[in-house]
1. What number of residues within the stretch 135-157 satisfy the criterion of being over 15 Å from the mean Cα position of the chain (by Cα) and within 21 Å of Ile22 (Cα to Cα)?
2. Residue by residue through the stretch 198-247, note down the ones that are among the β-branched types (Val, Ile, Thr), within 14 Å of the chain's Cα centre (by Cα) and part of a helix (DSSP H, G or I).
3. When you go through Gly152, Gly136, Gly165, Gly146 one by one, which is the residue that is open to solvent by less than 10 Å² (accessible area, probe 1.4 Å) and either modelled with pLDDT of 95 or more or among the hydrophobic types (A, V, I, L, M, F, W, C) (or both)?
4. Taking Asp107 as meeting all but one of (1) over 26 Å from Leu202 (Cα atoms); (2) within 16 Å of the ligand (Cβ to nearest atom); (3) open to solvent by less than 50 Å² (accessible area, probe 1.4 Å), write down the number of the exception.
5. One residue is enough: does the stretch 196-216 have a residue meeting the conditions open to solvent by 20 Å² or more (accessible area, probe 1.4 Å), more than 21 Å from Val75 (Cβ to Cβ), touching a residue at least 60 places away in the same chain (Cβ under 8 Å) and near the ligand (Cβ under 10 Å from one of its atoms)?
6. So, Phe188, is that one surrounded by fewer than 22 Cβ atoms within 10 Å (Cβ to Cβ) and of a type in the set (Phe, Trp, Tyr) or not?
7. Based on this model, can you work out whether Val38 counts as within 21 Å of Ser142 (Cα to Cα), out of contact with any helix residue (DSSP H, G or I) (no Cβ under 8 Å at 6 or more places or on another chain) and near the ligand (Cβ under 7 Å from one of its atoms)?
8. One residue is enough: does the stretch 217-237 have a residue meeting the conditions within 11 Å of the ligand (Cβ to nearest atom), of a type in the set (A, V, I, L, M, F, W, C) and surrounded by fewer than 19 Cβ atoms within 10 Å (Cβ to Cβ)?
Amino acid sequence: MTELKNKVAIVTGGSRGIGAAISLELAKQGVKIVLNYVSRPELAEKMVAEIQEFGGEAFAVQADVSNSDDAARLVQAAVEHFGKLDILVNNAGITRDSTFKKLSEEDWRKVIDVNLNSVFNTTSPALQHLLESDGGRIINISSIIGQAGGFGQTNYAAAKAGLIGYTKSLALELAKSNVTVNAICPGFIGTEMVQAIPEKVLDGIVAKIPQKRLGTPQEIGRGVVFLCKDGAYITGQQLNINGGLYM
Ligand code: NAP
């Protein structure tokens, strides 16, 4: 088991939803958190305050991870502030759902940029620091949609499936080092992203989930803690946290 106290983690999109829960669950283990957000500083500062309230260490960095200069600045801020980097959680993501016939080039590119290209942008400057850690972890938050596809989600499914191939290939390249690379594929989790789905459609989705409920952000956060703490011999995998919706 890896002792997580005093490890340093960057969580992209850590200000709300799944990223906020990942940040909290890691912080409860004593991990120092660099909490990234893009547009809503008030939510990021609220999360930082919540972590500091129970004695944890965290600070927020505004950066658009689809922009390589911003992503490099994020990694630099983490290393300058805490002196090292052990865990990179690539969680930031967006949807711009539309059937393919109506899908604009802008929405195609935006979703690929934020969900997939961002991972290149953050991992490139972070990698050397992770290799210097005595147990580096890269965790990419993919999605059940990258595995099963989703109606009106060609852009999102392409990005999330891309993350899975990326995870396996990077895991192979880093397997001889001390860095593991894994993906988590959440099913439908109760966050703003899912609240944007019309109620009737969401009811239909929940009816199809074998466990008959949405997942919670905390359940994804605990998956991240598991991979960080007990995952030394787990690499290149997809951890499916989806209530049995995709097996
Ligand atoms: P969410 O509630 O919409 O939160 C998205 C987070 O990402 C926010 O912190 C947001 O920051 C940040 N973000 C968005 N664009 C960014 C950018 N360009 N640069 C940096 N940060 C950015 O989303 P969520 O539901 O928690 O989803 C988190 C991840 O899980 C995503 O990758 C999503 O695709 C994946 N996922 C979600 C579900 C689900 O059911 N919710 C299922 C499977 C996978 P601001 O608040 O500053 O905008």
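The values are calculated or read from the model by the stated rules, or taken from the named source; none is laboratory data. Since this is a predicted model, take the numbers as computed values, not measurements. Please note: Cβ atoms are built from the backbone with ideal geometry, for glycine as well, and neighbour counts cover all protein chains shown. In case anyone asks, the SASA skips ligands and DNA or RNA and just uses the protein heavy atoms, side chains included. Shrake-Rupley method; radii C 1.70, N 1.55, O 1.52, S 1.80 Å.
1. Residues flagged as over 15 Å from the mean Cα position of the chain (by Cα) and within 21 Å of Ile22 (Cα to Cα) within the stretch 135-157 amount to 2.
2. Ile220, Val224, Val225
3. Answer to the selection: Gly136.
4. Among (1) over 26 Å from Leu202 (Cα atoms); (2) within 16 Å of the ligand (Cβ to nearest atom); (3) open to solvent by less than 50 Å² (accessible area, probe 1.4 Å), the lone unmet condition for Asp107 is (1).
5. yes
6. Values: surrounded by fewer than 22 Cβ atoms within 10 Å (Cβ to Cβ): no; of a type in the set (Phe, Trp, Tyr): yes.
It is false that Phe188 is surrounded by fewer than 22 Cβ atoms within 10 Å (Cβ to Cβ) and of a type in the set (Phe, Trp, Tyr).
7. Details: within 21 Å of Ser142 (Cα to Cα): yes; out of contact with any helix residue (DSSP H, G or I) (no Cβ under 8 Å at 6 or more places or on another chain): yes; near the ligand (Cβ under 7 Å from one of its atoms): yes.
Yes.
8. Checking the stretch 217-237: not a single residue is within 11 Å of the ligand (Cβ to nearest atom), of a type in the set (A, V, I, L, M, F, W, C) and surrounded by fewer than 19 Cβ atoms within 10 Å (Cβ to Cβ).
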